[in-house]
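The block underneath contains the structure these notes are about, expressed in structure tokens.
Any read-out appearing in this document is the output of simple, stated calculations on the displayed coordinates, not a laboratory observation. As the structure is a computational prediction, the values presented were derived from the model and not from experiment. All Cβ positions, even for glycine, are placed from backbone atoms using ideal geometry, and neighbour counts span all protein chains on display.
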Amino acid sequence: MRLRHTIRSLSEIRNFVLDETRVRAHIMRPENVMNIVSHPGLAGVTYRPAFDFSFQFGSYYHLDVNGFGDTLHAALQKNVSGYVMCLRQHGRTICTRQWNWAKTAIDGSESWTPSIRMHIASCSKLITAMALIKVIDERQIKDVTPIIGFLPSYWVKGPNIDQITFHQLLTHTSGFNTDESKCDFLFMQDAVSAGVGVKRIGKYKYQNMNYGLCRILLATIIGDIAPPTTFHIPFIKDSNNLLWDYITIQSFVRYVQEHVFGPSRVSDATLDHPDTCALAYPFPPDAKPGWNSADLTAALGAAGWHMTVEDLLAIMGAFRRGNSIVSPARAQSMLDLAYGTDAWASTSTPMGFIYVKNGWWEISEIYDLLRPMVLTKKVEQSALCFMPQDMELVAFANSPAGSAQEWIVPYITSAFTANLHSRDILHHLQRER
């Protein structure tokens, strides 16, 4: 049975033949996305364009690649349960390091390699930014256009929603201030209904729902579902929300597969959690089974993609210089605007600017029933870095890092700057001649 035969709608739904069995099985708010922490980063950050103080002198520095890899390895092997890192330049791998287990002995003993998949958490936001910018650029929609006309018409729009722009969603300056990591359809609908404070618009506040909304907006912009569309499916509870959630997910997935993964030659990215994926562990590691964060389709836009280090590097390369997702100039402007990256974590070095995106997906569990205040964090974390001189780096770790239980990015940037060496300027100038 095709649901299209029972849809009551004022608008066209293109390109979809909806399977009723799958629609009925669709869950808008699964339990595995309800008690998760997606690390919000630093508070109080304001948008600022990247300032690269190495504009004139960055080429006088070179990276000791082996030294960088060895320094990073020495630091990470003492501070995470397991990790893998790969560095490329001009799309060619120049350094790889890995250590310990993607799945420990109790879970089957799978060693880390660049071809092991893991949930990349908020690094998914860069993929969302690529897709959305490609869509709005092709349709000549400006970044500063308000989003309200592209949201479902039946949603209640609270105070000041009409002032929020695409740029503000992509830079986490929309004004949404939920103090939640949730971004499922119903949560976002409620947040839009509540509105935002006018004084908060333009101020940085990391919110997963900023990017969750992007997958809904993408579907309406490309015309897979029009904002005025409504549904009434007999005997399906909350069918209007259910169909909107289902269709916008399918639309977003298909667009990303065709226009981001396709040009990058990535074919194995998933939203579910295959058995071969890495599991999450605490640090220090224990002898208990790892955590499977499961299917994260409900978090799509903000998180959810499972892929390998090699996959993510291929996407970054196609984006930065492939001219197949967006133009190299637009890619650079997106990096400078912090679309899909973390302005608070990006940093200047003597060689040039490093644009960073962190991914963090955490569950905290009671470690000892006799001491219920003692919790253990099991974490999936990813890091991607667009580095100077056409280098890209991706690292995965399946635990928090160090006694502070934090990110791996500071280890990466510290190892990078520690292994930069200045060239002899006179020799450099002579060689350029």
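Side notes on the structure shown:
- Taking the Kirkwood radius as Rh and the Cα radius of gyration as Rg, the stretch 121-181 has a ratio of Rg/Rh equal to 0.97.
- Residue order for SER403, SER346, SER422, SER81, fewest other beta carbons within 10 angstrom first, comes to SER403, SER422, SER346, SER81.
- A straight Cα-to-Cα reach below 18 Å connects LYS182 with the aspartates and glutamates GLU31, ASP190, ASP245, ASP272, ASP295, GLU362, GLU380, residues fewer than 8 places away in its own chain not being considered.
- Scaling against 2.2 N^0.38 Å puts the C-alpha radius of gyration of the stretch 170-318 at 1.20.
- Taking other C-beta atoms within 10 angstrom as a stand-in for reagent exposure, ILE106, ILE148 fall in the order ILE106, ILE148, fewest first.
- When each of LYS357, LYS157, LYS142, LYS205 is scored by the number of other beta-carbon atoms lying within 10 Å, the sequence from fewest to most is LYS142, LYS157, LYS205, LYS357.
- Spatial separation of Cα centroids for the stretch 316-333 and the stretch 237-274, in angstrom: 22
- In straight-distance terms, cross-link reach from LYS103 covers every one of the lysines whose alpha-carbon lies under 24 Å from its own, apart from those fewer than eight places away in the same chain; here that gives LYS78, LYS288, LYS377, LYS378.
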